[in-house]
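Enquirer: My questions will all concern the structure given below.
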Amino acid sequence: EDALKKAVETSIVLGSGFIKMEWNATAGETYDIDPETGEQINEGEIEFTNLTPLDVIIDGTKETWDNDWIMVRTFQNRYNLMAKYPEFADRIRSLPSKSDSAIYRLAVWSNDDTEDIPVYEFFHKRSEAVPEGRYLLFVDSDVILMDAKMPYRTIPIFRIVPSEILGTPYGYSPMFDIYPIQEGINSLYSTIMTNQNAFGV
């Protein structure tokens, strides 16, 4: 429910809101130990992640939201990934963090830093060309953490939009119509305040 509310809010502001639903096999309570490897076997959990249009890559030439493939970006802690994929630990350690790679970002302080790094997931649904579908999890072009057949019946990326931009796969929000009006209001207030500061005393 929280993810749905956030997706609706994102769609009103940015035109589209997205939820990624996934099964995390290593989450949840531990219920057994693998006798061969000694690794914990967990119950697993369904997890929901909110995404913005900046995090979802699609084929922009489509005329509807009917995608054969979707790629998404999320941010995860590098040390958790290193523990989960120890064979790639050195490469994951060397990747730039979210704060290092962002040109523009919202931050409380200019020196805000994080150990989160971008993680990319590519989903291709089952089709004539790709009968088993495809799932790709990677953090860089040469650091592929997983390459497997599609583990879900459908692509687990769900979208909500206030309305559609006809002939495109993109959403449209009435908030877009407010931008030029707000820009005009900002300009008027700026003019008034400039005059008051310059000539008010």
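The values are calculated or read from the model by the stated rules, or taken from the named source; none is laboratory data. Note that the coordinates shown come from a computational prediction; the quantities given were computed from them, not determined experimentally. FYI the Cβ positions are ideal-geometry reconstructions off the backbone, even for glycines, and counts take in every protein chain you see. Ligands, DNA and RNA are stripped out before the accessible areas are found, and what is left, the full protein with its side chains, is counted by its heavy atoms. Shrake-Rupley method; radii C 1.70, N 1.55, O 1.52, S 1.80 Å.
Enquirer: Would you call G184 open to solvent by less than 70 Å² (accessible area, probe 1.4 Å), at pLDDT below 95 and small (G, A, S)?
Expert: no
Enquirer: Go over the candidates V119, V139, V201 one by one and state the one that is farther than 30 Å from T64 by Cβ and assigned to a strand (DSSP E or B).
Expert: On inspection, the qualifying residue turns out to be V139.
Enquirer: Tell me which of these L137 doesn't satisfy, since it passes every other one: (1) open to solvent by 20 Å² or more (accessible area, probe 1.4 Å); (2) at pLDDT 95 or above.
Expert: (1)
Enquirer: What are the pairs, 6+ residues apart or on separate chains, where a residue within the range 151-179 that is within 16 Å of T52 (Cα to Cα) and open to solvent by 50 Å² or more (accessible area, probe 1.4 Å) has its Cβ under 7 Å from a residue that is among the aliphatic types (A, V, I, L, M) and outside any loop (DSSP other than H, G, I, E, B)?
Expert: Correct list of pairs: F158/I19; F158/M21; I160/A7; I160/V8; P162/I12; M175/I12; M175/V13.
Enquirer: Identify, please: which residue in the range 18-44 is in a loop (DSSP other than H, G, I, E, B) and aliphatic (A, V, I, L, M) and is, among those, most open to solvent (accessible area, probe 1.4 Å)?
Expert: So the first thing to find is which residues in the range 18-44 are in a loop (DSSP other than H, G, I, E, B), and the list is 25-29, 34-39, 43-44.
Those left that are additionally aliphatic (A, V, I, L, M): 25, 27.
Details: A25: 61, A27: 16 Å².
My answer is A25.
Enquirer: Tell me, please, whether a residue that is out of contact with any Ser or Thr (no Cβ under 7 Å at 6 or more places or on another chain), among the aliphatic types (A, V, I, L, M) and closer than 22 Å to I155 by Cβ can be found in the range 25-32.
Expert: Checking the range 25-32: at least one residue is out of contact with any Ser or Thr (no Cβ under 7 Å at 6 or more places or on another chain), among the aliphatic types (A, V, I, L, M) and closer than 22 Å to I155 by Cβ.
Enquirer: Hey, does the range 55-70 have a residue that's assigned to a helix (DSSP H, G or I) and not polar (S, T, N, Q)?
Expert: Checked the range 55-70: at least one residue is assigned to a helix (DSSP H, G or I) and not polar (S, T, N, Q).
Enquirer: Testing E47 on (1) part of a strand (DSSP E or B); (2) open to solvent by less than 50 Å² (accessible area, probe 1.4 Å); (3) farther than 15 Å from Y120 by Cα, one condition comes back false. Which one is that?
Expert: (2)
Enquirer: Separate question: Among the residues in the range 98-107, are any of a type in the set (S, T, N, Q), modelled with pLDDT under 90 and closer than 20 Å to I57 by Cβ?
Expert: So far as the range 98-107 goes, yes, one or more of its residues are of a type in the set (S, T, N, Q), modelled with pLDDT under 90 and closer than 20 Å to I57 by Cβ.
Enquirer: Applying the selection to the range 66-80, what residues are in contact (Cβ under 8 Å) with a residue 24 or more places away in the chain, more than 17 Å from the chain's Cα centre (by Cα) and farther than 18 Å from Y152 by Cβ?
Expert: Result: Y79, single match.
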